[in-house]
Amino acid sequence: MTVTDTLPAPTTIPAQPQIHFPSGLVGYPAAQRFVLETADGGVFELRGVSEDDPDFIVVAPSAFFPDYAPVIDDETVERLALRSEEDALVLLVVTLRDNPADASANTLAPLVINARTYDAAQVVLTGQPFSLRQPLLAS
């Protein structure tokens, strides 16, 4: 499944939906439940439900990378019960640096969320030309 700009308008995302990552996130296997808080301009906060869970800044790819169209493998599509491209919310984890101009997004391992069930997975894209540290802002 090729996923393009499938993130619904912010008004269609329920207030603070709880997202479930059964396998956790890369580097955080025990962190499985998060709340997605909408911010402005395609920027969101993914907050861990437990005190010990990490929090992340995530972005809608369309806000920063309008041509981003990852191909999600069949196993992930099946595991998340994605029936169509419209079911898939795709978000990118942002790494902030001391200099805000140096912020980057992980386009190689997007978060894929089923918009109906809120089950999710971080998917490492193989054989696709994406980066762990794609500059967020154009030079």
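The values are calculated or read from the model by the stated rules, or taken from the named source; none is laboratory data. Here the structure is a predicted model, which is why all the values come from computation and not from measurement. Backbone-built Cβ (ideal geometry, glycine too); neighbour counts: all protein chains shown. Accessible surface is based on the protein model in full, side chains and every heavy atom, while ligands, DNA and RNA are left aside. Shrake-Rupley method; radii C 1.70, N 1.55, O 1.52, S 1.80 Å.
Pairwise over distinct Cα atoms, reciprocal of the mean inverse distance: report the Kirkwood radius of the range 31-87 in Å, one decimal place.
On the way: mean 1/r = 0.0747 Å⁻¹.
Evaluated over the range 31-87, this radius sits at 13.4 Å.
Using all Cα-Cα distances in the range 93-134, what percent lands in each 10 angstrom bin from 0 up to the longest?
Per 10 Å bin, starting at 0, the Cα pair percentages come out as 29, 38, 29, 5.
For the chain, what number results from the quotient of the Cα radius of gyration and 2.2 N^0.38 Å?
Working: Rg = 13.9 Å, N = 139, 2.2 N^0.38 = 14.3 Å.
The chain yields a ratio of 0.97.
Under a GNM of the chain (C-alpha, springs under 10 Å), which listed residue has the highest mean-square fluctuation: 73, 52, 102?
Fluctuation is largest for 52.
Roughly how many Å² is the accessible area per residue of the chain, as a whole number, for a 1.4 Å probe? Mind showing how you got there, number by number?
On the way: 7510 Å² over 139 residues.
Normalised by residue count, the accessible surface of the chain is 54 Å².
Charges only on Cβ, +1 for Lys and Arg, -1 for Asp and Glu: so what's the dipole of the range 76-139 about the Cα centre, in debye to the nearest 20?
Values: 5 positive and 7 negative charges, 19 e Å.
The calculated dipole for the range 76-139 is roughly 80 debye.
Using packing as a proxy for protection, rank 106-115, 121-130 so that the peptide with the highest average count of other Cβ atoms within 10 Å comes first. Don't jump to the answer; show the numbers that get you there.
Numbers: 106-115: 21.8, 121-130: 14.4.
Peptide ranking by packing, descending: 106-115, 121-130.
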